[in-house]
Amino acid sequence: MEKEKPQWSSHISFIIATIGSAVGVGNIWRFPYIMGENGGALFLITYLALIVLFSVVPLCCELVIGKTYRTDAVSAFEQINKKFKWFGWLCVLTVILIPCFYFVVGGWILNYIWIFLTNNIPNNFTNYFSGFSSQVFVPCILSLIFLLMTAVFPYRGVNKGIEKANNIMMPIFAVMLIVMAIYALTLPGTKEGLAFMFKPDFSEFDTSMILTALGQALFTLSIGMGAMITYGSYMKENTNIVKSAYTLIFFDTLVAITAGIMIFPIVFTFGVKPTAGATLVFISLPEMLAKLPFAPVFGSIFFILFFFSAITSGISILETSVSSFMNQFKITRQKATIINAIIIAIFSIPAALAFGPLKDFKILDRTIFAFLDYATSNILLPFNTILICLIAGWCIKSLWKTNFGETFFGYMFNIMLKFIVPLVLIFVLLAGI
Ligand code: PFF
């Protein structure tokens, strides 16, 4: 337990921290490969529509819950109604399952930073990737190192740890991303890469793509697992929630599109198929980066920016479960961080081994790694978001009036929260499954 509830020291720190949470592996790794697999521009349009129309409401809703109850996810739902405490725990379970695959990717990133920085660049990345990711110890140890690097910040606290990390890493990330995008735009594959991203092919349309786009919209904004409730609980009293939500959505989308602009010209320059899937960023991209001039420099920049984005998200993932453990079990932040890190370390072993010893172990036709990714993003996040909207809309008295007043936005928010967003999400979830 903390004696006094911490607060972000400024509005800008709050915005940077939420952007740090939102911008992550989801933008740099997941977004480009899903977009590649789902037809490029058409996916982008669906994704943008879902983000603008349907994710702003649950995002505002989580921030409002955080600001109103000023506590962690489990305690917040418990205070709304004791009956909903289990749901708070479901959010925490989701946020414990996500790092099990997320931190494995974090470990891979560390490995790639090392090979580019030391100029030990392999000739064949397909062999290299399958070589190291299929081992027993290397992926486990790397994800453990990534976990430890992440855990330092929630351990040190909101201002001294989380806020500082975001305020330092996010600006460096932004500069590196811009440098890489400009570099990619000088390559010969630019025209084709941009056409793939922005020229839709309507023949590619199918309904499961909408669920994938929705899952991505929720995942990328860190919605549906209490992370924004937790970060919202540290916000200053006079923070404008709607403005903050739109700022966050704007920057998160900008980063995802810039990541596409950075990756697809490189992909098309070498005539690689953009549908390479989950390995796009770890096999196809580094293979091509290695062939370009200044490979060690641009390869290092790419993987370091990737690392900053992943660790700032990882921090918010951990902080969500840490703050719940602290309040629910009345333990110190330090103890809660250590306990959570141990749980995640144990749970992530099966995902880290999913490319080697456990590669034939399948759940619903997917490896453990792919199953965790699918089950959290495409099932748990939409499901949790539906419940968050319904609970906030129907069980918190006049949530919209108190926060947004009797304005046009307030009325629209109320209708969206109670009816439209849950119905659309239920439909998309069922159709997609
Ligand atoms: N939004 C992050 C990303 O796009 O990589 C992922 C994430 C962060 C998920 C925080 C969950 C969370 F609590």
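Worth a mention:
Quick grid of which residues meet (1) at positive phi; (2) crowded, with 19+ Cβ neighbours inside 10 Å; (3) among the aliphatic types (A, V, I, L, M):
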residue	(1), (2), (3)
Asn167	no, no, no
Met170	no, yes, yes
Val179	no, no, yes
Thr190	no, no, no
Lys199	no, no, no
Ser203	no, no, no
Asp206	no, no, no
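- Candidate set from region 35-53 (those that are assigned to a helix (DSSP H, G or I) and at pLDDT below 90); member that is nearest to the chain's Cα centre (by Cα): Met35
- Residue match in region 412-423 (condition: free of Cβ contacts under 8 Å to residues at least 12 places away in the same chain, surrounded by fewer than 19 Cβ atoms within 10 Å (Cβ to Cβ) and not in a helix (DSSP H, G or I)): no
- Residue in region 67-86 that is in contact with a helix residue (DSSP H, G or I) (Cβ under 8 Å, 6 or more places away or on another chain), of a type in the set (Ser, Thr, Tyr) and within 13 Å of the ligand (Cβ to nearest atom) present: no
- Evaluation of Ile343 against the conditions (1) more than 16 Å from the ligand (Cβ to nearest atom); (2) surrounded by fewer than 23 Cβ atoms within 10 Å (Cβ to Cβ) shows that the sole unmet condition is (1).
- Just one residue in the set Phe355, Phe383 is surrounded by fewer than 24 Cβ atoms within 10 Å (Cβ to Cβ), modelled with pLDDT of 95 or more and of a type outside the set (Val, Ile, Thr); that residue is Phe383.
- Any hit, region 210-229, residues being of a type outside the set (Val, Ile, Thr), touching a helix residue (DSSP H, G or I) at 6+ places or on another chain (Cβ under 9 Å) and surrounded by fewer than 24 Cβ atoms within 10 Å (Cβ to Cβ): yes
- Verdict on Val56 being at pLDDT below 95, within 12 Å of the ligand (Cβ to nearest atom), under 17 Å from the mean Cα position of the chain (by Cα) and not aromatic (Phe, Trp, Tyr): no
- Residue check: Ala290 meets all listed conditions (1) surrounded by fewer than 24 Cβ atoms within 10 Å (Cβ to Cβ); (2) at pLDDT 95 or above; (3) within 24 Å of Met197 (Cβ to Cβ) but one, namely (2).
- When Val64, Val52 are checked against the criterion of being surrounded by fewer than 21 Cβ atoms within 10 Å (Cβ to Cβ) and out of contact with any Pro (no Cβ under 7 Å at 6 or more places or on another chain), Val52 stands alone in meeting it.
- Residue check, Tyr33 closer than 25 Å to Gly393 by Cα, touching a residue at least 24 places away in the same chain (Cβ under 8 Å) and more than 12 Å from the ligand (Cβ to nearest atom): no
- Residue in region 182-200 that is β-branched (Val, Ile, Thr), part of a helix (DSSP H, G or I) and within 16 Å of the ligand (Cβ to nearest atom) present: no
The values are calculated or read from the model by the stated rules, or taken from the named source; none is laboratory data. Model, not experiment: these values are computed from the prediction. All Cβ positions, even for glycine, are placed from backbone atoms using ideal geometry, and neighbour counts span all protein chains on display.
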